[in-house]
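A.B. asks: Below you will find the structure I want to go over with you.
Throughout, read-outs are computed from the coordinates displayed, never taken from laboratory work. Just so it is clear, the model here is predicted, and its values are computed rather than measured. In this analysis, Cβ positions are derived from the backbone assuming ideal geometry, glycine residues included, and neighbour counts consider all displayed protein chains.
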Ligand code: 6R9
C-alpha cells in the first residue's frame with residue numbers, strides 16, 4: 001500500500017487561510033466554542049454519561065443496562081435497550097406537535113413538487129410497512145431497494161425499519177449484475193424499485209434492470225414497483241406488484257416494532273481493496289443516536305430550516321443526512337430527483353430560490369462542475385435564504401471551497417467540510433459552525449466521542465504536521481458492526497491493519513490546532529466524483545471481457561471528478577481491444593460510474609520478478625508525470641517507457 005496524494009492535495013498542504021464564522025452566525029450558533037470544548041471533553045472523559053444523555057432525548061421502549069459493551073473489535077451500544085428508529089423519526093415528532101410540519105418537500109426533475117407533512121409521512125410509512133408484512137417480509141429479513149430519488153425511497157427505508165427488516169439500498173446507477181450480486185449477498189426476498197427515474201430528461205429503466213437481475217437472483221419472491229414514469233413496464237404475474245396497489249390498499253394502522261438496540265437497521269455495500277464490495281452493517285440504537293446528534297450540531301439545525309442534501313439515497317450520505325438524521329430532528333428536508341444541469345446549470349440555485357433553502361449539503365465534485373460554468377448561473381438567483389453550507393465525499397480543494405463560500409454563500413454562510421465514511425455512519429471530523437473557524441481544505445476537528453489520531457502503519461502515533469494514516473482509537477455509537485456475512489473481513493479490514501485501532505483507509509495529517517486534513521485513500525480504492533470504487537472491482541470486470549488478458553486500474557487527478565479511472569489492459573492473444581466495447585462492458589458489469597476515462601492498451605504491464613503489478617508507476621504514467629522510484633525490481637523496466645509513449649484511447 002502506498003500513499004498517492006494528487007496535485008490539488010499538494011496545494012491544500014500549503015493552504016493557510018483561516019475563515020471564522022460571521023459575527024451574526026457565531027452570536028446565535030447552537031454550539032459555541034465553550035460548549036464544543038466542554039461537550040468534547042466529556043464525550044472523551046466520561047463517554048457513558050455523554051451518550052446516555054444524548055440517547056435520553058429520544059424514545060426507547062426498554063432502557064439499556066449498559067451504554068457500551070466493547071469486546072474488541074465488536075461493540076454493542078445501549079445494551080438491552082429496545083427502540084425503533086422510524087418511530088423516533090415520525091411518531092415521536094407527531095407526538096411532540098410537529099404533525100402539520102413539512103417533513104419532505106420533493107421536487108422531480110420535471111418540476112413536479114410533492115410535500116409530506118410528518119403526519120402524512122407517518123401514514124404512508126405505516127401503509128408501506130403493512131404492505132411489506134403482507135408480502136411476507138418479517139423482522140430480521142433484508143429488503144433490497146433500487147429506487148430513484150423519490151419520496152417512496154425514504155418511505156420504503158422507514159417502512160423496513162418500522163417492521164425490523166434491514167434495508168439494502170442499491171444506487172440506481174448500478175448495473176444489473178451489481179444489483180443481482182447485492183440481492184443475493186443479502187438474500188433478499190423482496191425488491192422495491194420503480195418503472196424508472198428521471199435523469200437528464202430520460203427515464204432510467206430501473207424495472208427492466210430489476211427484471212434482468214431477478215434472472216440471477218433465485219431467492220427473490222416479489223418486486224414492488226413504484227409508478228414514477230408512467231412507462232407501463234411488463235409485470236410478471238405472481239411476482240410483481242404495483243406499489244400503488246399494495247400500499248394503496250394497506251391499512252394505515254401499524255405500531256412500530258420495538259427492536260433491540262443492536263438489531264440490524266441496514267446494509268450498504270461499499271468498495272474495498274479487494275474485488276467484492278463489502279456489505280457494511282449498521283444497527284439501530286447507536287446509529288440513531290449518532291445521526292441525531294451530528295445533524296443537529298453540525299448543521300446548526302433550527303425549527304424553521306429548509307435543509308437540502310443533494311446526495312442520492314443510494315449512498316450513506318443519503319441514509320444519514322437525507323433520511324434518518326434530519327427526520328429524527330423534526331427537520332424539513334428537501335429532496336431533488338434529478339441532475340444538477342437539467343434544464344441547465346442553474347437548477348440547484350433555482351431550487352434554493354424557489355423553496356427558500358437555508359442549509360445546503362453537497363459534494364466537491366458538484367461544486368467544481370458548477371464552478372466551471374462560471375458565476376453567471378448562481379448570480380441569476382436570489383440565494384439569500386442560505387445560511388450554512390456543507391461539503392462531503394472527498395477532499396475539497398481550497399479553490400472550490402472559496403468559490404462555494406463567496407459565490408454561493410455570499411461570505412455570510414459558514415462552510416462545514418465533513419469527513420466520514422459508509423462505515424462510520426455519521427460525521428466524524430468537521431469544524432462546528434460558529435464554534436471554530438474553518439480552514440479551507442481541512443475537515444477540521446473531531447466530533448463528539450471521536451478519538452482520532454494519525455499513526456504509522458506500525459501503530460506509532462504521530463505528532464502535528466506529520467502525514468500518516470487516519471485512525472480512530474475507540475468505538476463510537478454509529479460505527480459499523482460487521483461486514484454482512486463476513487465478520488473475518490470486518491476484523492481484518494478495519495481492526496487488523498493496525499492493532500487496536502479502527503483503520504479508516506485514508507491518509508491525513510493534523511496541524512498544531514488539532515485540525516485534520518484528509519488527503520485521500522491509501523488503499524486500492526478510488527474516489528470518483530465522491531463515489532468509492534475499488535480498482536480490483538474494475539479490473540475483474542475488465543478481465544472478464546474476452547478481448548482482455550490482464551488489466552490494472554489506477555486513479556488520475558481530475559479537475560472536476562477529483563479522480564478519474566485509467567485502465568491499462570493487455571489484449572488476449574490475437575485479439576484487438578475495442579475501447580468502446582470495453583467501456584460498455586464495464587458499465588454493464590458495475591455501472592456507468594466505473595467506466596474508464598482513459599484506456600491504455602499495451603503488450604505488457606510493469607511487474608516485479610514475482611509477478612506483482614507495480615501500480616505506483618502506472619499512476620505516474622497515467623498522470624503524465626516523470627517516472628520516479630526504484631525500477632530495478634521490475635522484470636522488464638523498458639515496459640514503462642513503452643507505456644508512457646502510448647496514447648490513451
Ligand atoms: C460520507 C462518504 C468515504 C471516503 C473516505 C474519504 C472520502 C469523504 C471526505 C473525504 C476528505 C472529506 N471522504 N468525505 N475525504 N474530506 N470531507 O463519502 O462515505 O462513500 O463511504 O466514502 O470518502 O476517502 O474514506 P463513503
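A.B. asks: Once the convex hull of the C-alpha atoms of region 447-528 is built, how many Å³ does it hold per residue, rounded to a whole number? The partial results should precede the final answer.
C.D. replies: Numbers: hull volume 9.1 nm³, N = 82.
Taking the convex hull of the Cα positions in region 447-528, it is 111 Å³ per residue.
A.B. asks: From Cα pairs below 8 angstrom and at least 6 apart in sequence, can you work out the relative contact order of region 459-581, rounded to a whole percent?
C.D. replies: Values: 180 pairs, mean separation 22.1, N = 123.
Over region 459-581, the number comes to 18 percent.
A.B. asks: So, one more: Which value, in Å to one decimal place, does the Kirkwood hydrodynamic radius take for region 39-153 when every pair of different Cα atoms is included? Kindly include the intermediate steps, with their values, before the conclusion.
C.D. replies: On the way: mean 1/r = 0.0578 Å⁻¹.
The answer is 17.3 Å.
A.B. asks: Using Cα-Cα distances under 8 Å and only pairs 6 or more residues apart, what relative contact order does the chain have, in percent? Walk me through the numbers before you get to the answer.
C.D. replies: On the way: 1457 pairs, mean separation 93.2, N = 649.
Normalised by residue count, the contact order of the chain is 14 percent.
A.B. asks: Same structure again: Once the Cα gyration tensor of region 374-494 is found, what semi-axes does its equivalent ellipsoid get, as square roots of 5 times the eigenvalues, in whole Å, sorted largest first?
C.D. replies: Values: eigenvalues 220, 58, 34 Å².
They are 33, 17, 13 Å, listed largest first.
A.B. asks: Most exposed first by the Cβ proxy, i.e. fewest other Cβ within 10 Å, how do 617, 50 rank?
C.D. replies: Details: 617 23, 50 20.
Fewest to most other Cβ atoms nearby, the residues stand as 50, 617.
A.B. asks: If you don't mind, another one. Using every pair of alpha-carbon atoms in region 105-173, split the distances into 10 Å bins beginning at 0 and state the percent of pairs per bin, rounded to integers.
C.D. replies: Spelled out per bin, shortest first, that is 21, 47, 28, 4.
A.B. asks: Also, I was wondering about something else. Beta carbons within 10 angstrom, averaged per residue: use that to sort the peptides 369-381, 319-331, highest first.
C.D. replies: Details: 369-381: 15.5, 319-331: 26.2.
Answer by packing, highest mean first, reads 319-331, 369-381.
A.B. asks: Here's something else I'd like to know. Post the alpha-carbon centroid distance, region 83-119 to region 58-81, in whole angstrom.
C.D. replies: 28 Å
A.B. asks: Then there is this: Given region 210-306, what whole percent of its Cα pairs are spread farther than 15 Å? Walk me through the numbers on the way to the answer.
C.D. replies: Details: 3665 of 4656 pairs.
Result for the distance tail: 79 percent.
A.B. asks: Whole percent per 5 Å bin, from 0 to the bin with the longest distance: what is P(r) over all C-alpha pairs of region 558-627?
C.D. replies: The distribution over region 558-627 is 3, 14, 21, 23, 22, 13, 4, 0, given as percents.
A.B. asks: Would you mind estimating how fast region 497-592 diffuses translationally, via Stokes-Einstein at 37 °C and 0.692 mPa s with the Kirkwood radius over Cα pairs, in µm²/s? Display every interim value, and only then the final one.
C.D. replies: Numbers: Rh = 15.3 Å.
Diffusion coefficient, whole number: 214 µm²/s.
A.B. asks: Something else now. So in the chain, what percent of DSSP beta bridges are antiparallel if you round to the nearest 5? Mind dumping the intermediate values first?
C.D. replies: Working: 61 of 101 bridges.
Of the beta bridges lying entirely in the chain, close to 60 percent run antiparallel.
A.B. asks: Another question, if that's okay. Run lengths n ≥ 4 of DSSP H only: what is the helix-derived mean residue ellipticity at 222 nm for the chain, with -39500 (n - 2.57) per run over all residues, to the nearest 500? Show your work: numbers first, answer last.
C.D. replies: Details: 20 runs with 184 residues, N = 649.
Computed ellipticity for the chain at 222 nm equals -8000 deg cm²/dmol.
A.B. asks: Any chance you could run the full-extension gain for residue 641 through residue 628? It's 0.36 nm times the residue separation minus the Cα-Cα distance, nm to one decimal.
C.D. replies: Values: separation 13, 0.36 × 13 = 4.68 nm, distance 1.23 nm.
Result for the pair: 3.5 nm of gain on full extension.
A.B. asks: Restricting to region 371-529, what percent of DSSP beta bridges are antiparallel, rounded to 5?
C.D. replies: Numbers: 19 of 23 bridges.
The antiparallel fraction comes to roughly 85 percent.
A.B. asks: Per q in 0.12, 0.21 1/Å, what log10 I(q)/I(0) does a Debye calculation on the alpha-carbon atoms of region 305-454 return?
C.D. replies: -0.47, -1.54
A.B. asks: Based on the Cα atoms of region 130-227, what semi-axes does the equivalent ellipsoid have, where each is the square root of 5 times one gyration tensor eigenvalue, given in whole Å with the largest first?
C.D. replies: On the way: eigenvalues 82, 50, 22 Å².
Its equivalent ellipsoid spans semi-axes of 20, 16, 10 Å.
A.B. asks: What is the distance in Å between the Cα centres of region 339-361 and region 489-553?
C.D. replies: So the separation of the two Cα centres works out to 32 Å.
A.B. asks: Would you mind calculating the relative contact order of region 490-649 from Cα pairs under 8 angstrom and at least 6 residues apart, reporting the percent as a whole number? Spell out each step's value before the answer.
C.D. replies: Values: 253 pairs, mean separation 25.2, N = 160.
Relative CO of region 490-649 lands at 16 percent.
A.B. asks: A further question on this structure: What order do you get for 147, 593 when you list them from fewest to most C-beta neighbours inside 10 Å?
C.D. replies: Details: 147 30, 593 18.
Ascending Cβ contact count within 10 Å gives the list 593, 147.
A.B. asks: Continuing with this model, one more query. Based on the alpha carbon coordinates of the chain, what radius of gyration and maximum Cα-Cα distance (Dmax) apply, in Å?
C.D. replies: Radius of gyration, then largest Cα-Cα span, for the chain: 24.0, 73 Å.
A.B. asks: Of 419, 315, how do they rank once you tally other Cβ atoms within 10 Å and put the fewest first? Walk me through the numbers on the way to the answer.
C.D. replies: Working: 419 27, 315 21.
In order of increasing Cβ crowding within 10 Å: 315, 419.
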